[in-house]
Amino acid sequence: MKELTVRQKQILDFIQHKQESEKLSPTLREIAAHFHFSSANAALAHVQALRAKGVVKNLPGRARSLQVLGWSDLEAPASRQPGHFAGRGPNAGEDPTASGSRIVSVPIYGSIPAGRPADATQAQEGCVLIDVDTLGIKATARTFGLKVQGDSMIGKSIIEGDIVIIEHGVQPRSGDVVAALIDGQVTLKTFVLQQGKPYLRAENPRYPKLIPQEELQIQGVMVALVRRRK
């Protein structure tokens with residue numbers, strides 16, 4: 001099942017059970033309560049990972065629309081799955097109507113705090129079109145976008161309202177900007193290794209560095225930044 005962790009498989013089973021028994025998908029708070037997470041952000045991080053791995057999806061414009069994909073969906077080529085890319089080299093996810101550039105559609109999986117870690121709400125915000133040639137990236141089935149909230153990353157020219165393009169499953173290097181789950185809460189920060197010990201650094205002197213007390217999970221590494229014109 002696409003390299004799910006034990007916890008991700010448990011959450012996937014819980015979502016499926018709720019759908020079968022109550023005909024509704026669980027909310028983030030219900031997932032957090034069931035698994036005794038300290039906040040809904042921990043549930044959000046796991047759900048984002050499941051989305052990035054292509055085993056769940058949302059129906060745009062509908063509340064509580066999280067759906068577990070069937071085995072036939074999981075085994076289908078990624079090019080047939082909405083919001084995902086075929087992973088066939090530089091043409092993956094290409095917009096056939098584009099001329100002279102490769103435009104791909106990247107799903108946006110809600111918002112991420114670029115400030116002090118705080119509870120976030122689940123939101124399906126459609127997709128963002130990006131020119132992979134201009135950005136110099138290769139979109140895959142694990143590429144997704146998050147809308148930035150807060151000002152803790154202004155030192156790297158990441159401001160509120162920007163969309164960070166995240167690649168799930170990439171091993172971070174010291175200095176990379178990452179979407180991370182730290183002690184049950186999600187945030188966008190710079191990943192730092194100091195004497196072999198990891199912590200998260202804000203790029204704004206108003207914010208302290210974040211040293212994990214219990215857990216630090218990297219949900220993905222930022223590979224590009226999109227600034228929407230107002």
Candidate set: the range 199-217, residues that are free of Cβ contacts under 8 Å to residues at least 24 places away in the same chain and buried (at least 18 other Cβ atoms within 10 Å of the Cβ); chosen: the one nearest to the chain's Cα centre (by Cα): Leu200
What about Glu125, is it under 23 Å from Ala40 (Cα atoms) and at pLDDT below 85? yes
Which of (1) out of contact with any Lys or Arg (no Cβ under 7 Å at 6 or more places or on another chain); (2) of a type outside the set (D, E, K, R); (3) under 22 Å from Ala40 (Cβ atoms) is the odd one out, the single condition Gly136 does not satisfy? (3)
Within the range 218-227, is even one residue surrounded by fewer than 16 Cβ atoms within 10 Å (Cβ to Cβ) and over 15 Å from the mean Cα position of the chain (by Cα)? yes
Of all residues in the range 1-40, which are part of a loop (DSSP other than H, G, I, E, B), surrounded by 15 or more Cβ atoms within 10 Å (Cβ to Cβ) and aromatic (Phe, Trp, Tyr)? Phe37
Selected residue (criterion: surrounded by the most Cβ atoms within 10 Å (Cβ to Cβ)) from residues of the range 179-198 that are over 19 Å from Ala40 (Cα atoms) and hydrophobic (A, V, I, L, M, F, W, C): Phe191
Regarding the range 191-199, can at least one residue be identified that is of a type in the set (Val, Ile, Thr) and over 21 Å from Val106 (Cβ atoms)? yes
Run Gly175 past the list (1) within 27 Å of Lys53 (Cβ to Cβ); (2) surrounded by 15 or more Cβ atoms within 10 Å (Cβ to Cβ) and report the number of the one that doesn't hold. (2)
Please list, ordered by first then second residue, the pairs with beta carbon atoms under 7 Å, 6 or more apart or interchain, first in the range 41-68 and farther than 26 Å from Ala114 by Cβ and in a loop (DSSP other than H, G, I, E, B), second polar (S, T, N, Q) and modelled with pLDDT of 80 or more. Arg64/Ser25; Arg64/Thr27; Ser65/Ser25
From the list Ser79, Ser65, Ser39, Ser72, pick out the single residue that is of a type in the set (S, T, N, Q), touching an Asp or Glu at 6+ places or on another chain (Cβ under 6 Å) and modelled with pLDDT under 80. Ser39
Which pairs turn up if I take residues in the range 164-192 that are over 18 Å from Glu215 (Cα atoms) and look for partners that are of a type in the set (D, E, K, R) and buried (at least 23 other Cβ atoms within 10 Å of the Cβ) with beta carbon separation below 6 Å, at least 6 apart in sequence or on another chain? none
For the range 16-40, which positions are touching a Ser or Thr at 6+ places or on another chain (Cβ under 7 Å) and either free of Cβ contacts under 8 Å to residues at least 24 places away in the same chain or more than 25 Å from Pro113 (Cα to Cα) (or both)? Lys18, Gln19, Ala32
Has the range 132-140 got any residue that is surrounded by 17 or more Cβ atoms within 10 Å (Cβ to Cβ), out of contact with any strand residue (DSSP E or B) (no Cβ under 6 Å at 6 or more places or on another chain) and at pLDDT 80 or above? yes
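The values are calculated or read from the model by the stated rules, or taken from the named source; none is laboratory data. Since the model is a prediction, treat every value here as computed from it, not as a measurement. Cβ coordinates were reconstructed from backbone atoms using ideal geometry, including for glycine residues, and neighbour counts include every protein chain displayed.
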